[in-house]
Amino acid sequence: MNKNIRELFQEEYGKKPSAVSRAPGRLEVLGNHTDYNEGLVLSAAIEQATEFAIAAVSGNLCKVRDFRDGSKIEFELDKIETPVRGNWGNYIKGVIMELRKRGHETGAFEGAILSDVPLSAGMSSSAALEVATAFALGEAFGIKLSGEEWARIGQAAENNYSGVKCGLLDQFSSIFGKKDSFILCDFRKTEVLRTVPVPHGYVLVVANSLVKHNLVDSDYNIRRESCEKAVQILQEKHPEIKALRDVTPALLRKSKEFLPLQDYLRARHIVGENDRVMKAVEALDKGMIEKFGALLFESHKSSRENFENSCIELDCLVELAFSIPGAWGARLSGGGFGGITIHLVKSDDAKAYSERLKTAYKLQTGKEIETITCGIGDGASVSRIL
Ligand code: GLA
């Protein structure tokens, strides 16, 4: 039987941890790149999560073992200003740095990590690690902050330490997810507006294209700049516009001639996504699965044509969803440029559908994918070990 995080910690350090946190990965169900445009997202925390066991120690030296691959980092608390490129320890050090900036000092600690969130796949393994770290540090060093503040610390760690100008979606969903529900997030208010039950008898099959999306090196930041540029230009005629959230589809159509084509297309994706999120919630409330599925397909089309954050592999997976029986909708999920697609299928069909998808994809591309039928779980938590 696999050992749990407490047992692994005990083996590594010869004592019990004082606290264990757990932070899930997330799925972006609908609402692509809308978070940093003060927009709307329908998201969910998944059952796959990262656990962080911690015990405070005296001195200055921190040690963390990642039991996924056995790797280990050690660092001194006063020597963490500079990130080490490509190292998972950055997510931990980044959180410590952001806490410090806000006046919360942590002491040294020993830590252990265990995770089943797929890496670099668009399911927010990095946010899960940041939030698990944050919650563990909070418990070990008596730092009490709101869920929103913890989410912002995780995001800031990513923005300032790892160099990805990501929005708040990943950390927010990892913290505020609700079992068996999608959460409707408003990133202007930074609030969960409401939960929306996952339609009864349906699941999301996640197809991991295994095309690594490395957001640091990708066009993510460039897409964000394009959205900001569109806002600046639109503001010249409409000073009331603060973010793409304020732009209606009709206003954007009217403004087309003033915007460079590329920025117009990027904005069109965001404006369309905000609209689709609200339509999706309405469709789910009315039990209109077909409509909900169609909105997922539309979202992907817009990613492909307007935001250009898809790739051949993701397009192929969504195309297959049209031809293989069983999928009601499919789209890329997360940052894009690789990573995953999500497929809405009936629970009873999930296994057969996943197999067909794998086979058809292999036939078309010669390449393998991995599929996961994702359970929707609760957001992050931490428990003190007595
Ligand atoms: C990544 C980012 C999020 C969000 C999504 C796209 O996951 O980390 O902030 O922008 O991409 O919706």
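The values are calculated or read from the model by the stated rules, or taken from the named source; none is laboratory data. What you are looking at is a predicted structure, and each value in this text was computed from that prediction instead of being measured. All Cβ positions, even for glycine, are placed from backbone atoms using ideal geometry, and neighbour counts span all protein chains on display. Keep in mind that these areas ignore ligands, DNA and RNA; they rest on the heavy atoms of the full protein, side chains included. Shrake-Rupley method; radii C 1.70, N 1.55, O 1.52, S 1.80 Å.
Over all other residues within a Cβ to Cβ distance under 13 Å of Y264, the charged ones net out to +2, with Lys and Arg as +1 and Asp and Glu as -1. A straight line joining the Cα centroids of segment 238-301 and segment 307-386 runs 23 Å. How fast does segment 1-114 diffuse by Stokes-Einstein, in µm²/s, taking the Kirkwood radius from C-alpha pairs at 37 °C and 0.692 mPa s? Diffusion coefficient, whole number: 205 µm²/s.
Using θ = phi - 60° in the Karplus curve 6.51 cos²θ - 1.76 cosθ + 1.60, the 3J(HN,Hα) couplings for segment 101-118 round to 4, 8, x, 10, 8, 9, x, 6, 7, 10, x, 9, 10, 9, 8, 10, 7, x Hz; x is entered for Gly and Pro. Per residue, the solvent-accessible area of the chain (1.4 Å probe, heavy atoms of protein chains only, all protein chains present) comes to 42 Å².
Of the peptides 75-88, 239-252, the ranking by mean beta-carbon count within 10 Å, highest at the top, reads 239-252, 75-88.
Peptides 123-133, 3-13, 47-57, ordered by how many other C-beta atoms sit within 10 Å of their residues on average, highest first, read 123-133, 47-57, 3-13.
What net charge do the residues around D116 carry, taking every other residue with its C-beta under 12 Å from that of D116, with Lys and Arg at +1 and Asp and Glu at -1? Neighbour charge sum, excluding D116 itself: 0.
Under 17 Å of direct C-alpha separation, and excluding same-chain neighbours fewer than eight residues apart, K237 reaches these lysines: K229, K254, K256. Over the chain, dividing the summed -39,500 (n - 2.57) contributions of all DSSP H runs of at least 4 residues by the number of residues returns a 222 nm mean residue ellipticity of -12500 deg cm²/dmol.
Rounded, prolate or oblate: pick one for segment 1-62, where a ≥ b ≥ c are the square roots of the eigenvalues of its C-alpha gyration tensor, a/c under 1.5 means rounded, and failing that, prolate if a/b is larger than b/c, else oblate. Note, shape of segment 1-62 comes out oblate. For A136, the shell of other residues with beta-carbons less than 12 Å away shows a net charge of -2, using +1 for Lys and Arg and -1 for Asp and Glu.
You can think of it this way: the chain between V84 and Q232 has 49.8 nm of extra reach, that is 0.36 nm per residue less the Cα-Cα gap. The calculated Kirkwood hydrodynamic radius for segment 204-374 is 17.1 Å, given to one decimal from all distinct C-alpha pairs. Going by alpha carbons, how many degrees (0 to 90, nearest 10) lie between the helix axis of 289-302 and the longest principal axis of the chain? Computed tilt is about 90 degrees.
Axis angle, to the nearest 10 degrees, between helix 147-156 and the longest C-alpha principal axis of the chain: 90 degrees.
Note on K254 and E7: the extension gain reaches 82.8 nm, defined as 0.36 nm multiplied by sequence separation minus the Cα-Cα distance. Annotation: extensible slack from D116 through F322 equals 71.2 nm (criterion: 0.36 nm per residue apart, minus Cα-Cα distance).
Globularity index of segment 5-197 is 0.98 (Cα radius of gyration / 2.2 N^0.38 Å, N = number of residues). Charging the Cβ of each Asp and Glu at -1 and of each Lys and Arg at +1, and nothing else, the dipole of the chain about its Cα centre rounds to 240 debye.
Surface composition of the chain: carbon and sulfur make up 49 percent of the accessible area, probe 1.4 Å. Among the trypsin sites (Lys or Arg not before Pro) in segment 100-163, those located in a DSSP loop and surrounded by at most 16 other Cβ atoms within 10 Å of their own Cβ are R102, K144.
Put a dot 7 Å past the Cα of E368, heading toward its Cβ, do the same for K144, and the two dots end up 5.0 nm apart.
Separation of the alpha carbons by more than 27 angstrom is noted, of K242/K286; K301/K358; K72/K212; K3/K165; K16/K178, for K242/K286; K3/K165; K16/K178.
Let's test the formula: R0 of 25 Å, r as the Cβ-Cβ distance of K212 and E47. What FRET efficiency results, to the nearest 0.05? The value I calculate is 0.65.
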